[in-house]
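What follows is a single structure, written as C-alpha cells, with notes after it.
Computed from the coordinates by the stated procedures, all read-outs in this text should not be read as laboratory data. None of these values were measured; they are calculated from a predicted model. Every residue, glycine as well, gets a Cβ built from its backbone with ideal geometry; the counts of neighbours run over all protein chains shown.
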Amino acid sequence: METKIRETLVELREYGLAKKAKFSLLWQYEKSSFIRYANSGISLNTGEDLNRLYITVYGDHRKAETSLIFDPADLDTVKQMFDQALQMLEFAGELSYQPALFAGEGYTDKRGYDRDLAEMSKDEMIDFVDQAVLGLETEDIVLSGNFSTGETMLGHMTSLSAEIGFWAATD
C-alpha cells in the first residue's frame, strides 16, 4: 500500500500544480481486523480497509478543506474532489491572517511497523489465539475477549515540494 500512496500523491500533486494551486495532501490508510470471543466461540469476526484523503487548498487570506473516503483505484473521483476544493476556495471567508503552507522535508518513519503483523490474516489470528490459550480453558473457565490487529499509514505532500512524508505503524 505504501507504493500506491506514494505514487498517487505524486500524481495528485502534478494534477494540482497543473491547476496552479497551492495545497497540501494527507492520505490516511487504515486496515483493521477484530475478533470477539464469547464463551469459547467466535461471536464477531470483522475488519475494515479505509482510505481517507484530506485536501487543503490555499489562497490569499483564504483556505478551504475537504476530505473523502475513497477507492484508490478511482482517481477520477479524487480529482473531482480536488476541483471541488478549488471551487470552495473562491467562496471561503477572508481570514485575518495568511495561512501558512510549508514545504516540509521528506521522511519515512516505519519504526512502529511490523510487516508480519500487518499481513496476518483473520485465520492466522484465530490460530494464534487458539495456540495462546491452549490448555487454559476448563468447564468453569472459558475464553472471552477481544483481539484485534491494525495497520495505519499516513502520506503527506504539498505543492511546495516533491518530497513525501510517510509514517506507518501496526498494533
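Residue by residue, here is whether (1) farther than 19 Å from Glu124 by Cβ; (2) of a type outside the set (Val, Ile, Thr); (3) in a loop (DSSP other than H, G, I, E, B); (4) touching a residue at least 60 places away in the same chain (Cβ under 8 Å) holds:
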{"position": "Thr46", "(1), (2), (3), (4)": "no, no, no, no"}
{"position": "Asp49", "(1), (2), (3), (4)": "no, yes, no, no"}
{"position": "Leu53", "(1), (2), (3), (4)": "yes, yes, no, no"}
{"position": "Thr56", "(1), (2), (3), (4)": "yes, no, no, no"}
{"position": "Lys63", "(1), (2), (3), (4)": "yes, yes, no, no"}
{"position": "Ser67", "(1), (2), (3), (4)": "yes, yes, no, no"}
{"position": "Pro72", "(1), (2), (3), (4)": "yes, yes, yes, yes"}
{"position": "Lys79", "(1), (2), (3), (4)": "yes, yes, no, yes"}
{"position": "Phe82", "(1), (2), (3), (4)": "yes, yes, no, yes"}
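Cβ-Cβ distances below 9 Å connect the following pairs, each with a first residue in the stretch 17-38 that is closer than 20 Å to Thr56 by Cα and in contact (Cβ under 8 Å) with a residue 24 or more places away in the chain, a second residue that is in a strand (DSSP E or B) and of a type in the set (Asp, Glu), and a separation of six or more residues or different chains: Tyr29/Asp49; Tyr29/Glu151.
Within the stretch 113-169, being in a loop (DSSP other than H, G, I, E, B), among the aliphatic types (A, V, I, L, M) and either touching a Leu at 6+ places or on another chain (Cβ under 9 Å) or surrounded by 13 or more Cβ atoms within 10 Å (Cβ to Cβ) (or both) holds for Met120, Val133, Leu136, Val142, Leu143, Leu160.
Among the residues of the stretch 136-147, is any touching a Lys or Arg at 6+ places or on another chain (Cβ under 7 Å) and either in contact (Cβ under 8 Å) with a residue 24 or more places away in the chain or not charged (D, E, K, R) (or both)?
Quick first cut of the stretch 136-147, residues touching a Lys or Arg at 6+ places or on another chain (Cβ under 7 Å) only: 146.
Next, from what is left, pick out any that are either in contact (Cβ under 8 Å) with a residue 24 or more places away in the chain or not charged (D, E, K, R) (or both): 146.
Looking for residues that are touching a Lys or Arg at 6+ places or on another chain (Cβ under 7 Å) and either in contact (Cβ under 8 Å) with a residue 24 or more places away in the chain or not charged (D, E, K, R) (or both), one finds at least one in the stretch 136-147, hence yes.
Kindly indicate whether any position in the stretch 5-15 is surrounded by 13 or more Cβ atoms within 10 Å (Cβ to Cβ), polar (S, T, N, Q), in contact with a strand residue (DSSP E or B) (Cβ under 8 Å, 6 or more places away or on another chain) and in a strand (DSSP E or B). The answer is no; no qualifying residue exists.
From the list Lys79, Lys63, the one residue that fits, being of a type in the set (Lys, Arg) and closer than 19 Å to Leu9 by Cβ, is Lys79. Whether any residue in the stretch 34-41 is in a strand (DSSP E or B), within 25 Å of Glu124 (Cα to Cα), touching a Leu at 6+ places or on another chain (Cβ under 8 Å) and not hydrophobic (A, V, I, L, M, F, W, C) is what I want to check. Checked the stretch 34-41: at least one residue is in a strand (DSSP E or B), within 25 Å of Glu124 (Cα to Cα), touching a Leu at 6+ places or on another chain (Cβ under 8 Å) and not hydrophobic (A, V, I, L, M, F, W, C).
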